[in-house]
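Presented below is the structure to which this report refers.
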Amino acid sequence: MSHGDRFLRALCILLMGYAVMGKGFAYIGIAPFYVGEATMIYGVIALVVSQNWSRILRTGWLWPLFALMAWGTLRTLPYIERYGVDALHDAAVWMWGIFAIVISSLLAAEPTRLLFLEQKFRSFAKWMLILAPIAFSIAIFANPHLPNAFWADVPYVLVKGGDLVVHLTGIFAFAVLLGGLETAFVVPMMILNLLLFFTGRAAMVTFCTGAAIVTALRPRSPVPWGVFPSLVLGVVLLWVFDVHIGMPSREIGRVVSADQIVENIASIFTDSDNENLAGSKQWRLLWWDTIYGYTIHGKYFWDGKGFGVNLADDDGFQVELDHSLRSPHNGHLTMLARGGVPMLAIWAVCQLTLGYGLVSSAWSAYRRKNTHWFALLVFLFVYWLAYLINASFDVFLEGPVGGIWFWCVYGWGIGAVWIYRNCPEVLDAKEQRQPITAGRRRNPKIAEALGICAS
C-alpha cells in the first residue's frame, strides 16, 4: 500500500473524529501541532513521494486556491511577530487548503481512489446517522456534569447542531443520488437527527436548500417522500404532546419543540418576537455592516485587518468573557475583514471555479446518460454548498472541525471533476467497486482507463 493510500485512510479517521467528537477530537496533540496539522503534514509527504503527484497541478483547477494562499500569506506574515500563534491560528482558514491540494492531486495520480472515497462516505453516512444524536446529546446535556478531556481543557465531545446538519445534508444527498443505504433505516434516523438539530436557523436553511436541489433532480426517490412527511408529523407530535426539551449547555435559550422550529422558520424571513433569536440576528447584522463599512467604504479596502487581530475585540462585538470569539459569524466576511476586498474576490473565484466545474461536468454526465457520474458530481455540489451556507451564519470554516472538512470536500470535488474530464472510464467500470489495492493486480479495464489518464 502506498503512502497516498495510507494517508487517505488516516484522513477518514480524522474526519470521522471531527464529525463525531468535534473540538474534543481537534485538540488531540501538542499545541500548535494538533492531530489535524499532523495529518496535513503527512499528506504533503505522501503527495511528494507519490508517482504522478503533479498531474493536476499542471492544470488550472487549483490556480485560484494558490492565489488565495499567496494573498493569505501576505496578510499573515506581517502579523506573526506581534500576534504569534494567534496569527497562524487565524490563517488556518486558508492554510487548510493544503488538504484540497493533496486530495485532488492524489485522486488525479490514482483515479481509482475516487471509488474508495465513495465507499468510505457510504460507511460514514450509516455511522453518522447513529452517532450524531448521541454526540449532540452528550455535548448539550452531559458535558456540564462530566470532566474535561485529559489531553486538553475541552470536553471529550463538543459538537454543534449546525455543523452536524451539514453532514446530514450530504448524507441525504448521498442517499437520494447514490443509494446503498436502506430507506427504512435512513428515514427514521434522519428524522431523529433533524428534530434535534433544527433548533437553529442556519441548520434549517442549509438542509432545506440541499434537500430541495436533490429532490428536484431525483423526485422519484423514496427517501425525500419518507423524510418530509415524517418530519412534518414529528413537529406536529412535538406540538400535540407539548414537548419542550431545554438546552442547558451551549444552546442556551433554545429548546427542542414545535414552537422553536416555527419561530426559527419565521425569523428567517421576518423579525422574531423571541428576544434570543432577534438579538442574535441583529448582533450579526450590525457586525457584518461594520465590516462592510471599514473595508468596502473604508481604509481596509485593499489589505483588511490581517490575520492575528481578534476581530471581535477590535470591532467591538465580543460576547465571550474569555475573549475566545475571534471572527464574525460569517466565513466569507472573515475573508473580507482579514484580507480585504482582494481576498474576498479570490475566495469567490475559488468557489465559483469548483461550482462551475461540478455543475458543468454534471450536466455533461446527464446528457451522456452517465447516471453514476451525474449522481456523484451533484452530491459533491450539494455537500460543498451546505458548507458555504452554514459558513454564512457561524464561525465554521475558521476551526478545524469545519475548515478541514470543507477543504477535503473541495479537494474531492476538484479531483472528481479532473477525473471525469480526463478518464471517466475509471468510474464506469463496475469491477472497481473495491477497496484500494496494489496497482500490479489492477483490472485490465482500469489499466486502460489509467493509460488514458497518463497520456
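Per the listing TRP405, TRP384, the residue uniquely in contact (Cβ under 8 Å) with a residue 40 or more places away in the chain, in a helix (DSSP H, G or I) and closer than 26 Å to GLY17 by Cα is TRP405. Residue selection: LEU47 fails the criterion of being within 22 Å of the chain's Cα centre (by Cα) and in a helix (DSSP H, G or I).
Looking across region 153-191, the residues that are surrounded by fewer than 17 Cβ atoms within 10 Å (Cβ to Cβ) and more than 16 Å from TRP225 (Cα to Cα) come down to ASP153, GLY180.
The residues on offer are ALA100, ALA19, and the sole one that is under 30 Å from LEU131 (Cβ atoms), small (Gly, Ala, Ser), in contact with a His (Cβ under 7 Å, 6 or more places away or on another chain) and assigned to a helix (DSSP H, G or I) is ALA19.
Taking region 81-94 as the search range and keeping residues that are of a type in the set (A, V, I, L, M) and out of contact with any Asp or Glu (no Cβ under 9 Å at 6 or more places or on another chain), which one is farthest from VAL44 (Cα to Cα)? Filtering region 81-94 for residues that are of a type in the set (A, V, I, L, M) and out of contact with any Asp or Glu (no Cβ under 9 Å at 6 or more places or on another chain), the one farthest from VAL44 (Cα to Cα) comes out as VAL85.
Quick check on ILE414: is it over 25 Å from GLU37 (Cα atoms) and either part of a helix (DSSP H, G or I) or at pLDDT 95 or above (or both)? For ILE414, the condition - over 25 Å from GLU37 (Cα atoms) and either part of a helix (DSSP H, G or I) or at pLDDT 95 or above (or both) - is not met.
Just one of (1) assigned to a loop (DSSP other than H, G, I, E, B); (2) touching a Pro at 6+ places or on another chain (Cβ under 6 Å) fails for LEU325. It is (2). When THR353, THR334 are screened for being part of a helix (DSSP H, G or I), of a type in the set (S, T, N, Q) and within 14 Å of ARG284 (Cα to Cα), only THR334 passes.
Here ALA149, ALA67 are screened, and the one residue that is small (Gly, Ala, Ser), more than 30 Å from VAL214 (Cα to Cα), touching a helix residue (DSSP H, G or I) at 6+ places or on another chain (Cβ under 7 Å) and not in a loop (DSSP other than H, G, I, E, B) is ALA67.
Inside region 196-211, can you point out the residues that are of a type in the set (Gly, Ala, Ser), under 20 Å from LEU238 (Cα atoms) and either over 16 Å from the mean Cα position of the chain (by Cα) or at pLDDT below 85 (or both)?
Within region 196-211, GLY200 is the sole residue that qualifies.
Please tell me if ARG421 is assigned to a helix (DSSP H, G or I) and among the charged types (D, E, K, R). So ARG421 passes the test.
The one condition from (1) assigned to a helix (DSSP H, G or I); (2) crowded, with 18+ Cβ neighbours inside 10 Å; (3) among the hydroxyl-bearing types (Ser, Thr, Tyr) that SER137 does not meet is (2). Being of a type in the set (A, V, I, L, M) and surrounded by 16 or more Cβ atoms within 10 Å (Cβ to Cβ) holds for only one residue in ILE291, ILE296, and it is ILE291. For region 417-433, how many residues meet the condition of being at pLDDT below 95 and either surrounded by 22 or more Cβ atoms within 10 Å (Cβ to Cβ) or touching a Leu at 6+ places or on another chain (Cβ under 8 Å) (or both)? Summing the residues that are at pLDDT below 95 and either surrounded by 22 or more Cβ atoms within 10 Å (Cβ to Cβ) or touching a Leu at 6+ places or on another chain (Cβ under 8 Å) (or both) in region 417-433 gives 5. Exactly one residue out of GLY234, GLY306 is modelled with pLDDT of 75 or more, surrounded by 14 or more Cβ atoms within 10 Å (Cβ to Cβ) and in a helix (DSSP H, G or I), and it is GLY234. Taken together, PHE317, PHE381 contain a single residue that is surrounded by 21 or more Cβ atoms within 10 Å (Cβ to Cβ) and among the aromatic types (Phe, Trp, Tyr), which is PHE381.
The values are calculated or read from the model by the stated rules, or taken from the named source; none is laboratory data. Please read these numbers as outputs of a predicted model, since none were measured by experiment. Ideal geometry is used to build each Cβ from the backbone, glycine not excepted, and the neighbour counts take in all protein chains shown.
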